[in-house]
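Participant: Input: one structure, supplied below.
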Amino acid sequence: MNVLLQFWSGYARMTRRWPSLAAIIPFIPVVALWSAVAAAGIFPRAFFPGPVDVVNSFFTLTYKGILPDYLGDSLIRLFTGAAVGMALGIPLGVLIGTSRWAHRICWPILLFFQAIGDIAWLPILLIWFGFGLTTMTFVIVYTVLFPVVLNTVLGVESVPRDLARAARSLGASPARVLWEVTLPGALPNIITGLRNGLGYGWRALIAVEMIVGTSGIGFMMFDARRSGSTVEILLGMIILGLLWYIVDAWILAPLERATGQRWGLVTS
C-alpha cells in the first residue's frame, strides 16, 4: 500500500512539473503489452506487427515523402471543410437563435437533415460530382455544420435576455447588442460546437478518403489493405489518434476553457 502511495505521489509530482507526461505515461502499458504479444509470436508477424515495425514504416514512408503528402492533404481538406462549415453554421445559428420565425422555419429542416448521416450522401454525391475534392469537401462541411449550428443556437438562447434589454436601454443598436452582448455570450458554446464538429469531420474525412479518395491518410490505410500491409494500416490508425489528441487536448480544449473563463461563464 505504501509503495502504491509513493508511486502515485511521485507520478503526481512529475506530471505537475512536466504536464506532457500525463498524456504519455498511460500509453506505456499499452505499448508494452502490444510489444510483448507481437514478440511472443501468438499471431503471424504479417497480421500483427510490433511497435518497432510501425516505427520503421513511419520513417520509411516519411523518407519517401508519402506520409507527409498524404497527411498534408487530409489536414487541408479538414480545415477547408471546417472553415466553410463555420462560415455557414455560425450566422445560421445566430439567426435561428435570435429570430422566432427563423427558428420555426429552419429548426424542423435542421433536425431532418441531421438525421441523414454524412456517408448516406456519398452515392448521390458520386453521381453529381464524381470522385474528387468536391465530394469530400461536401461531406466534411455537412458533418461540421450541424454541431456548430446547434451549439450556436444553444449559446444564443442561453445569454440572459436582461443583458440585451440593459444594452438597448442604454441606447445600443440591435447590431451592437448582437456584436457586444449576444455573440460574446454565445462564444463558449460556439467553440464547443467547433470542437465537436472537427472531431466528427475528422472521422468523416477518413471514411470518405477510404471510399473516394486518391490521397490522404484514409486512402493510405485502404490502399495498404490491397497489398496486405497491416503495418501501414496500424500506422495510419496511430497517426489519426495522436493527431486528433494533439489538436483536441492542446488546442481546442484550452481554447474552450479560456473562452468560458474570459466571458465569466465558469464559476468556482
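Participant: Report yes if residue 47 is loosely packed, with under 11 Cβ neighbours inside 10 Å, more than 28 Å from the chain's Cα centre (by Cα) and at negative phi, otherwise no. Steps first, answer last, please.
Facilitator: Details: loosely packed, with under 11 Cβ neighbours inside 10 Å: yes; more than 28 Å from the chain's Cα centre (by Cα): yes; at negative phi: yes.
Against the criterion (loosely packed, with under 11 Cβ neighbours inside 10 Å, more than 28 Å from the chain's Cα centre (by Cα) and at negative phi), residue 47 qualifies.
Participant: Shifting gears a bit: Here is a check on your reading of the model: is residue 259 of a type in the set (Val, Ile, Thr) and at pLDDT below 90?
Facilitator: yes
Participant: Are any of the residues in the stretch 151-161 closer than 16 Å to residue 90 by Cβ, hydroxyl-bearing (Ser, Thr, Tyr), part of a helix (DSSP H, G or I) and modelled with pLDDT of 85 or more? Explain how you work it out, then say what you get.
Facilitator: Residues of the stretch 151-161 that are closer than 16 Å to residue 90 by Cβ, as a first pass: 151-159.
Now narrow it down to the ones that are hydroxyl-bearing (Ser, Thr, Tyr): 152, 158.
If we keep only those that are part of a helix (DSSP H, G or I) too, we end up with 152, 158.
So of that shortlist, the ones also modelled with pLDDT of 85 or more come out as 152.
Yes, that holds for at least one residue.
Participant: Scanning the stretch 170-189 for residues that are surrounded by fewer than 24 Cβ atoms within 10 Å (Cβ to Cβ) and among the aliphatic types (A, V, I, L, M), which turns out farthest from residue 86 (Cα to Cα)?
Facilitator: The selected residue is 170.
The rows are residues; the columns are (1) within 23 Å of residue 246 (Cβ to Cβ); (2) assigned to a loop (DSSP other than H, G, I, E, B); (3) at pLDDT 90 or above; (4) of a type in the set (Asp, Glu).
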| residue | (1), (2), (3), (4) |
| --- | --- |
| 23 | yes, no, no, no |
| 43 | no, yes, no, no |
| 46 | no, yes, no, no |
| 109 | no, no, yes, no |
| 112 | no, no, yes, no |
| 116 | no, yes, no, no |
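Participant: Specify which of the listed residues (83, 38) is under 30 Å from residue 174 (Cβ atoms) and at pLDDT 85 or above. Spell out how you get there, then give the answer.
Facilitator: Working: 38 fails: under 30 Å from residue 174 (Cβ atoms).
Matching residue, one of 83, 38: 83.
Participant: Take the residues in the stretch 203-241 that are farther than 16 Å from residue 73 by Cβ and polar (S, T, N, Q); name whichever of them is surrounded by the most Cβ atoms within 10 Å (Cβ to Cβ).
Facilitator: So the residue we want is 230.
Participant: Also, quick follow-up: Checking the condition over 18 Å from residue 97 (Cβ atoms), within 24 Å of the chain's Cα centre (by Cα), buried (at least 18 other Cβ atoms within 10 Å of the Cβ) and free of Cβ contacts under 8 Å to residues at least 60 places away in the same chain, which residue from 146, 138 passes?
Facilitator: 138
Participant: When residue 53 is evaluated against the numbered criteria (1) over 25 Å from residue 148 (Cβ atoms); (2) surrounded by fewer than 11 Cβ atoms within 10 Å (Cβ to Cβ); (3) at pLDDT 90 or above, which criterion, by number, is the only one it fails?
Facilitator: Going through (1) over 25 Å from residue 148 (Cβ atoms); (2) surrounded by fewer than 11 Cβ atoms within 10 Å (Cβ to Cβ); (3) at pLDDT 90 or above one by one, residue 53 breaks only (2).
Participant: Between residues in the stretch 104-127 that are under 18 Å from residue 148 (Cα atoms) and surrounded by 10 or more Cβ atoms within 10 Å (Cβ to Cβ) and residues that are aromatic (Phe, Trp, Tyr) and modelled with pLDDT of 90 or more, which pairs lie under 9 Å by C-beta distance while being six or more apart or on different chains?
Facilitator: Note: pairs meeting the criteria are 110/146; 113/142; 113/146; 114/146; 116/142; 118/138; 118/142.
Participant: For the stretch 168-193: of the residues being under 26 Å from the mean Cα position of the chain (by Cα) and among the hydroxyl-bearing types (Ser, Thr, Tyr), which is farthest from residue 255 (Cα to Cα)?
Facilitator: Among them, the one singled out is 182.
Participant: Residues in the stretch 176-183: is at least one more than 26 Å from residue 136 (Cα to Cα), assigned to a loop (DSSP other than H, G, I, E, B) and hydroxyl-bearing (Ser, Thr, Tyr)?
Facilitator: No, that holds for no residue.
The values are calculated or read from the model by the stated rules, or taken from the named source; none is laboratory data. These numbers come from a predicted model, not from an experiment. Neighbour counts run over all protein chains shown; Cβ positions are idealised from the backbone, glycine included.
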